[in-house]
Amino acid sequence: MAVAGALAIPGAALAASSVTINGFFKLSYASIKVSPRTTGKDTQDRVQDESSRIRFIVVEDLGGGLQAIGQVDWRVALDSGGDQTGGANWVGLRSKSWGEVTLGRHDLHYIYTEDQSYSRGGSLKMVNTSILGYAGGGGSGIANNSRTPNVVRWFSPNWKGFTAVVAYSTNPFGADENDIGSTSSKGSGWNISPQYNAKNWGIGYSYWKAKADAELTPTAGAVAICTAIGAPVGVPACAAIGQATIVTTAGTVAQTETRGDRVNAHYQWGGFRLGFVWDSSEIRNGLTGVKTSERDAWSIPVRYDWGKHSVFAHYSEADDDDMLVNGQAVTGNSGAKMFAVGYAYSLSKRTKVSLNYAKIKNDNFANYQLFSSSSAASANGGLGSGDAGVAAGQDPSQIAVTVTHSF
């Protein structure tokens, strides 16, 4: 109504630009199970939003083949009533000769999954990001598994099937920067992703490396320093010589460094599409450089379309993670396996109904979760529920009926 009202105003500024509104509404009725459970129920039914969204896209011709472009990706939680502009939001310039340069929040690295379950009408909770996007036994996301903030991104033109993304973030994990006054190194993030797509096949690579802005976090081990001699001594000794004391605290940097390398490929025969993804991810302590997580994962997604019907599935696996658990190195029993399958029927060009199932089998030290299933309504607008989170060794599963309407 607000947009319509603005357009009705004589001489409205919007008349100089092309404004497109699109998106989709998507909800599931799902049954979630977490097992084994030692106490309480292990199953719940819920109505869950599937990242419904309304996008406002602006394009203005500036002349000479140059355009001003922008997007606001507004996420609306149809079940809980929440909303936020938490999607891919950006503004920039586009040229046919040199591509796009945009600033804002962008989807980087984690999106190269070859899994088309979600786009074909399946639940977000069944996608292979559940496995590919996490390290540390499933507890730590790589590349946010969502939009990355504070980004400058260059997206190349399409050179006969070849495209490339080069993106830099001034702080990839925070809403704002925290460099001034910090004793730790400043945060930064890089994503470089060349992709090649031919008529019926494609292959690509994505490189991600990032560290967050971080302050020193005080820990135990405070010492008192006598200003007169500058030597660590006890407080009583400082008082005995009549000098003022400066109390300092030892500290550790909360900053972490993450890296991801991913190769993705697919081949298509008519309506059948076969994909493959290999991912290697690691996490390091930002202060010491010590590696705290390293794991490889892979996925084989498939899809088949005929008429109004679509079937989609994937098998994905995370190898054991070389990581630290409570300070102790763990080199086994920290992997996971995932299987998901779904069927969708198109009631029209815009409306789909699907039935889908997904399950993760965690090893004893792993806690991989169905993607966004344990995100409570207060956290992101209602994509899941907090009590659906899994502890190490527990296995989550979901069966859902999903309805999608695109516009």
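Filtering segment 355-364 to residues that are crowded, with 19+ Cβ neighbours inside 10 Å and of a type outside the set (A, V, I, L, M) leaves ASN356, ASN362, ASP363. Tell me yes or no: at least one residue of segment 304-312 is modelled with pLDDT of 80 or more, closer than 23 Å to TRP201 by Cα, in a strand (DSSP E or B) and among the small types (Gly, Ala, Ser). Yes, some residue in segment 304-312 is modelled with pLDDT of 80 or more, closer than 23 Å to TRP201 by Cα, in a strand (DSSP E or B) and among the small types (Gly, Ala, Ser). Does SER372 satisfy the criteria of being closer than 26 Å to ASN191 by Cβ and in a loop (DSSP other than H, G, I, E, B)? It is true that SER372 is closer than 26 Å to ASN191 by Cβ and in a loop (DSSP other than H, G, I, E, B). Of everything listed in (1) surrounded by fewer than 14 Cβ atoms within 10 Å (Cβ to Cβ); (2) modelled with pLDDT of 95 or more; (3) not hydroxyl-bearing (Ser, Thr, Tyr), the single unmet condition for LYS352 is (1). Among the residues that make up segment 85-96, is at least one of them buried (at least 16 other Cβ atoms within 10 Å of the Cβ) and under 16 Å from ASP49 (Cβ atoms)? Checked segment 85-96: at least one residue is buried (at least 16 other Cβ atoms within 10 Å of the Cβ) and under 16 Å from ASP49 (Cβ atoms). Candidates in segment 30-80 are the residues that are in contact (Cβ under 8 Å) with a residue 60 or more places away in the chain and over 25 Å from the mean Cα position of the chain (by Cα); of these, the one that is least open to solvent (accessible area, probe 1.4 Å) is SER35.
Has segment 177-189 got any residue that is open to solvent by less than 70 Å² (accessible area, probe 1.4 Å), modelled with pLDDT of 95 or more, in contact with a strand residue (DSSP E or B) (Cβ under 7 Å, 6 or more places away or on another chain) and not in a strand (DSSP E or B)? No, segment 177-189 contains no residue that is open to solvent by less than 70 Å² (accessible area, probe 1.4 Å), modelled with pLDDT of 95 or more, in contact with a strand residue (DSSP E or B) (Cβ under 7 Å, 6 or more places away or on another chain) and not in a strand (DSSP E or B). Would you check if ASN144 is modelled with pLDDT of 95 or more, surrounded by fewer than 23 Cβ atoms within 10 Å (Cβ to Cβ) and either closer than 30 Å to LYS361 by Cα or among the polar types (S, T, N, Q) (or both)? Answer is no for this residue.
If you go through segment 124-153 one residue at a time, how many are part of a strand (DSSP E or B) and on the phi > 0 side of the Ramachandran plot?
Of the residues in that region, 1 qualify.
I'd like the residue in segment 284-322 that is among the basic types (Lys, Arg) and crowded, with 22+ Cβ neighbours inside 10 Å and, out of all such residues, is nearest to ASP363 (Cα to Cα). If you could, list the steps in order and put the result at the bottom.
To start, the set of residues in segment 284-322 that are among the basic types (Lys, Arg) comprises 284, 291, 295, 303, 308.
Pick out the ones that are also crowded, with 22+ Cβ neighbours inside 10 Å and you get 295, 303.
Details: ARG295: 14, ARG303: 28 Å.
Across segment 284-322, the extreme among qualifying residues is ARG295.
Taken as a whole, the condition of being touching a strand residue (DSSP E or B) at 6+ places or on another chain (Cβ under 7 Å) and modelled with pLDDT under 95 does not apply to GLY386. Residue check: VAL277 meets all listed conditions (1) crowded, with 16+ Cβ neighbours inside 10 Å; (2) modelled with pLDDT under 95 but one, namely (2). Whether any residue in segment 154-161 is in a strand (DSSP E or B), open to solvent by less than 60 Å² (accessible area, probe 1.4 Å), modelled with pLDDT of 95 or more and not hydroxyl-bearing (Ser, Thr, Tyr) is what I want to check. Within segment 154-161, not a single residue is in a strand (DSSP E or B), open to solvent by less than 60 Å² (accessible area, probe 1.4 Å), modelled with pLDDT of 95 or more and not hydroxyl-bearing (Ser, Thr, Tyr). Checking every residue in segment 256-264 against the condition of being open to solvent by less than 50 Å² (accessible area, probe 1.4 Å) and among the basic types (Lys, Arg) gives at least one match.
The values are calculated or read from the model by the stated rules, or taken from the named source; none is laboratory data. Please read these numbers as outputs of a predicted model, since none were measured by experiment. Backbone-built Cβ (ideal geometry, glycine too); neighbour counts: all protein chains shown. All accessible areas refer to the heavy atoms of the entire protein, side chains included, with ligands and DNA or RNA removed. Shrake-Rupley method; radii C 1.70, N 1.55, O 1.52, S 1.80 Å.
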